[in-house]
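Asker: Take this structure first; my questions come after.
Values quoted throughout were computed directly from the atomic coordinates according to the rules given, and no laboratory measurement underlies them. All of these numbers come straight from a predicted model, not from anything done at the bench. So basically every Cβ, Gly included, is an ideal-geometry build from the backbone, and we count neighbours across all protein chains shown.
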Amino acid sequence: MFNAFERAVAARYLRARRGERFVSVIAAFSLIGIALGVATLIIVMSVMGGFKVDLLNRILGFNGHLGVYGQGAPLRDYEALAEKIKAIPGVVSAVPVVDGQVLLTDNRGTSMGGLVRGIAQPDLKAQHAVSGHIIAGSLDAFQGDDAIAVGVGLVRRFGVQPGDQLTLVSPQGAATAFGVVPRVRSYQIVAVFQVGMNEYDTNYVFLPLHAAQVFFQTPDAVTQIEVRVADPDAVTLIGNEVRRVLAGIPIRVIDWQQANNSFFAAVQVEQNVMFVILTLIILVAAFNVVSSLIMMVKDKTRDIAVLRTIGAGRGAVMRIFLMCGASVGVLGTLAGVILGVLFCLNIVTIQHWVEAITGTNVFNPEVYYLTHLPSRLDWHEVVQIVVMALALSLVATLYPSWRAARTDPVEALRNE
């Protein structure tokens, strides 16, 4: 497409001589602008994509993909219901769970609200999001009527450790002649988990299923059956199958998409908006390519006239300046991709460096839910960003190149 003569002339124009430094500086700034725009877009999209995937994995790992609830009452005969649900193709597990809200207190009077989840020991061990992140104690002791497993956030809040007591106060107390008396019960901490999501590490505690049933006064009943499936994207179809299998039983089926729809929709909208905003950075840099090429065309008017007089056609002149502008776009895009990919691959290390230098917490888990800055490099997105940056850079070179090709050699030499 481009012959050796055209490539040689374009390469010569890209090397600034004395008196042409200003044009070269503008081209350099255009290159830097494209590189920074591409790198920033790759970094932001990978961080937001990583945040979305990491958050989804932790939520599903902790809560399951689908919940089967009683219609206005706890679920009874839950073991038989769970077996029916397990028989559905695509279902991995169906776990009976008792959920409830409590007030957590210690012997020093410190208190905070919390959520209790009653679950059988084998089922909790099978829940890798918790059992795979035990940092103190052991789930082997998670049995009986006085055992409790707590998150690392609660341990830091109360200053407790395995072996200490934690008191649970239920707002749904027993009615007496003197009014409603809250239910109060102390449990011994046997395990401490760190899911990596601050909301769960700070607010949730686990009780053995029977202990939770006794505490919440729901004997032989559970609040939900937590269902996990092989394919989270097929949860709607499995939910419909659960309704069919349990037809005639008053139940509500809520999947993870319904429970977290507004949250993940907000994350997706924010991701799309950030893509558009950061694309404008590349667009601004592309306008700098236009200005630098127009100035180069004005500066090289005499050279263009000479090229035309020695036989170079309009197409050749246009291709020369297309190469000049495209070179800036290609080099800027390549530099941006390298910078963005290296940043994403070392983002945790960079975060620790910044925190060590500034002495501040760059990624506060109490604000951003997760305990670390996530990054997920999607090469499909990287290719899209590269194609977009190259396309914008190429479009930016069309008008100046067309202006150069339209130069009249006679008028240009006459005006010199």
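Asker: Whole-Hz ³J(HN,Hα) for each residue in the range 191-197, computed from phi via Karplus 6.51 cos²θ - 1.76 cosθ + 1.60 with θ = phi - 60°, x for glycine and proline: what do you get?
Answerer: Values, residue by residue: 7, 10, 10, 9, 5, x, 10 Hz.
Asker: Given the Cα-Cα distance of V269 and I281 and 0.36 nm per residue of separation, how much length would full extension add, in nm?
Answerer: Between V269 and I281, full extension yields 2.4 nm more.
Asker: Separation of the range 72-108 and the range 176-252 by C-alpha centroid, Å?
Answerer: 5 Å
Asker: In whole Hz, with x marking every Gly and Pro, tabulate ³J(HN,Hα) for the range 345-352 from phi via Karplus 6.51 cos²θ - 1.76 cosθ + 1.60, θ = phi - 60°.
Answerer: The phi angles translate into 6, 10, 5, 5, 4, 5, 4, 5 Hz.
Asker: On to the next question. Please compute the modelled spin-label separation between V395 and V53, points set 7 Å along Cα→Cβ, answer in nm with one decimal.
Answerer: For V53 paired with V395, the spin-label model returns 2.9 nm.
Asker: In debye, nearest 20: dipole of the range 73-249 around its Cα centre with unit charges on the Cβ of K, R (+) and D, E (-)?
Answerer: The dipole magnitude comes to about 260 debye.
Asker: Using θ = phi - 60° and the Karplus relation 6.51 cos²θ - 1.76 cosθ + 1.60, list the HN-Hα couplings for the range 42-52 in order, rounded to whole Hz, with x at every Gly or Pro.
Answerer: Working through the residues one at a time gives 5, 5, 5, 5, 5, 5, 5, x, x, 4, 5 Hz.
Asker: Moving to a separate point now. Based only on the alpha carbon positions, what is the Kirkwood hydrodynamic radius of the range 73-249, in angstrom?
Answerer: Value: 17.2 Å, from the Cα pair sum.
Asker: Check which residues have an amide H placed less than 5 Å from D99's amide H, if you skip close sequence neighbours.
Answerer: G118, T223, Q224
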